[in-house]
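Take a look at the structure below.
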Amino acid sequence: MIDGGPGGRTVLEIAGLERAFASNRVLKSVDLEVAAGEVVVLMGANGAGKSTLVKIVAGALRPDAGEMRLEGRPFAPARPVDAVESGLCVVHQQINDAVAADLSVAQNLLLDRLCSGKAGAFHTPRRARREADAIQAILGLSLPLDRPARDIPLADRQLVAICRALAEEPKILVLDEPTSSLSQREAERLFGIVEMLKARGVAILYITHRMSDIRRLADRIVTLRDGRITGEFRPPLDYEAAVTAMLGETIARGGAERRFGTEPVFAVRDLQLTHWSRPFSFALKAGEVTAITGLVGTGKSRLAEVIFGARRPAAGEMQLTGAPYRPKTSRAAIEAGVFMAAKDRATSSLVPAFDIARNLSLPFLKRRSRAGFIDRAVERRRARRTIADLSIVCRGEADAMATLSGGNQQKVVVGRWLSQASKLLILDEPFQGVDIRARGDIARRLRETAADRATLVLVTEIDEAVEVADRILVMSDHTIVGDHRAGRELDLARLVAEVAGEADHSSTRLESTAG
């Protein structure tokens with residue numbers, strides 16, 4: 001039993017946990033304890049076994065061996081509702097696992113109560129709305145309770161899942177990458193809630209790769225690699241050693257050679273994303289990786305949708321290789337050579353029941369067909385090449401997408417759009433939910449293949465922009481407010497101030513559009 005944690009008393013104890021899928025041992029004698037009033041950060045590369053561990057403690061999977069105890073009593077939930085009723089609540093990284101898209105916001109907020117029978121036999125719509133309002137007030141939300149969950153933004157769906165978990169007053173709360181879809185303001189609100197729960201003696205298992213989250217919240221770091229616990233770090237926390245224990249090696253960062261293109265491929269002129277936002281102009285050049293960074297909700301995804309033909313701008317013009325570019329649909333954008341990997345891979349990019357090879361081929365089935373039949377040999381050969389190029393961890397191209405970790409699913413999404421030549425490649429949050437090694441694999445492959453196209457990467461995290469980009473643009477209030485060359489000359493303090501909305505933009509000068 002733990003005596004040295006902030007609360008002293010062990011809440012969750014895991015001993016000798018094992019789990020295998022066929023011949024693949026995913027968890028290998030895992031031991032883990034979390035004490036009352038303690039935030040334990042669990043770090044692990046994609047495929048290390050984190051998701052399997054979370055599903056076991058949540059009651060969605062059964063272990064092959066080992067035992068768990070909750071507050072000293074045997075804990076073996078057969079269903080997720082059993083875990084919730086025992087006092088363990090999980091907020092999953094995959095929002096589709098935490099929120100029912102077809103149900104209303106109110107129904108999602110009350111889902112655990114409805115499933116457990118706590119709502120009672122006479123649960124009227126008026127009472128349900130009153131209870132849902134009380135639950136969302138935990139995080140100070142005012143979401144449209146009657147609207148289907150699928151119709152609210154991804155960040156709001158994540159907040160719904162967090163609120164629902166907090167409403168159960170858990171003894172232990174498991175948070176799996178909870179800030180991946182949140183703005184800085186929303187993340188700060190979550191941090192405050194975590195600190196409040198910690199002060200009340202709630203045990204918290206917090207799964208993340210984000211150093212900002214770790215530095216803010218962690219009392220202890222535990223690392224998982226290849227299904228085994230490989231390190232435990234107590235204050236003073238050694239973050240670099242934790243990353244090494246997680247990966248089994250040190251990672252060299254920021255060593256990529258910067259390239260600055262000369263030939264404009266894509267340009268916008270006096271573009272307005274909304275009727276109230278300020279117009280902006282910029283050009284993207286061949287061989288150059290440009291990142292646009294900014295807080296959640298500042299217009300990055302809207303800009304991507306405009307370029308990809310999924311949304312109309314309020315005003316302005318776009319050019320592709322010197323000619324007017326006005327795609328009416330995403331299909332028209334793809335035919336013109338403009339590709340985009342969307343932010344929400346679970347709902348916008350992947351078919352979980354399909355194998356890796358078919359998911360890689362989906363946008364290009366016509367190009368890979370002969371007389372109306374898909375050439376499976378070509379499809380499989382290209383898939384094997386993509387798996388090797390991006391170091392996708394799998395048994396082979398015939399694996400179903402649902403069997404892959406989140407980071408490896410993201411590699412498939414990126415690999416799909418890298419498998420065909422494009423003029424402009426847009427990636428919206430390509431590093432969301434992936435570990436440091438997977439992020440490096442994706443960034444490396446983007447740069448290796450960038451010579452003959454323009455590449456636009458949209459990221460919320462500044463360190464991701466610095467790692468991958470030759471040039472960094474900053475977006476705030478649906479307009480571009482900063483333009484930076486990456487590398488040694490980067491004024492990081494100014495970039496951070498622009499992202500936070502604290503910089504003077506009167507002297508900002510964007511590179512002019514061509515043509």
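What follows draws every value from the coordinates through simple rules; no lab data is involved. Here the structure is a predicted model, which means the values were calculated and not measured. For neighbour counting, all protein chains shown are included, and Cβ atoms are generated from backbone atoms with ideal geometry for every residue, glycine included.
Lysine pair count for the chain (Cα-Cα distance under 18 Å; residues 8 or more apart in sequence or on different chains): 10.
Applying 1/(1 + (r/R0)^6) with r as the Cβ-Cβ distance of S183 and R79 and R0 = 35 angstrom yields a FRET efficiency of 0.55. Couplings 3J(HN,Hα) for the range 452-461, derived from phi with the Karplus relation 6.51 cos²θ - 1.76 cosθ + 1.60 (θ = phi - 60°), are 9, 9, 8, 10, 10, 10, 9, 9, 8, 7 Hz, where x marks Gly and Pro. Magnitude of the charge dipole for the chain, about its Cα centre and with charges confined to Cβ atoms of Lys, Arg (+1) and Asp, Glu (-1), is about 1680 debye. Percent of Cα pairs in the range 353-416 per distance bin of 5 Å, from zero to the largest separation: 4, 21, 33, 24, 12, 6, 1, 0. Normalised by 2.2 N^0.38 Å, where N is the number of residues, the alpha-carbon radius of gyration of the chain equals 1.00. When the helices of the chain are scored as -39500 (n - 2.57) per DSSP H run of n ≥ 4 and the total is divided over every residue, the value at 222 nm lands at -9000 deg cm²/dmol.
Ordered from longest to shortest, the equivalent ellipsoid semi-axes for the range 100-168 are 18, 12, 11 Å, each the square root of 5 times a Cα gyration tensor eigenvalue.
Other residues within the sphere of radius under 14 Å centred on the Cβ of A137, judged by their own Cβ, net out at +2 (K and R +1, D and E -1). Pairs of alpha carbons in the range 139-268 separated by more than 26 Å make up 42% of all such pairs.
Each peptide in 457-464, 234-241, 215-222 gets a packing score, the mean of other Cβ atoms within 10 Å over its residues, and the list from highest to lowest is 457-464, 215-222, 234-241.
Between helix 376-389 and the chain there is an angle of about 80 degrees, using the helix long axis and the longest principal axis of the Cα atoms. Taking θ as phi - 60° and the Karplus parameters 6.51, -1.76 and 1.60, the scalar couplings of the range 231-245 work out to x, 9, 10, 10, x, x, 6, 9, 5, 5, 5, 5, 5, 5, 5 Hz in sequence order, x denoting glycine and proline. Return a whole-number percent for the relative contact order of the range 353-416, with Cα pairs under 8 Å and 6 or more residues apart as the contact set. Once divided by the residue count of the range 353-416, the mean separation gives 46 percent.
Axis angle, to the nearest 10 degrees, between helix 154-167 and the longest C-alpha principal axis of the chain: 10 degrees.
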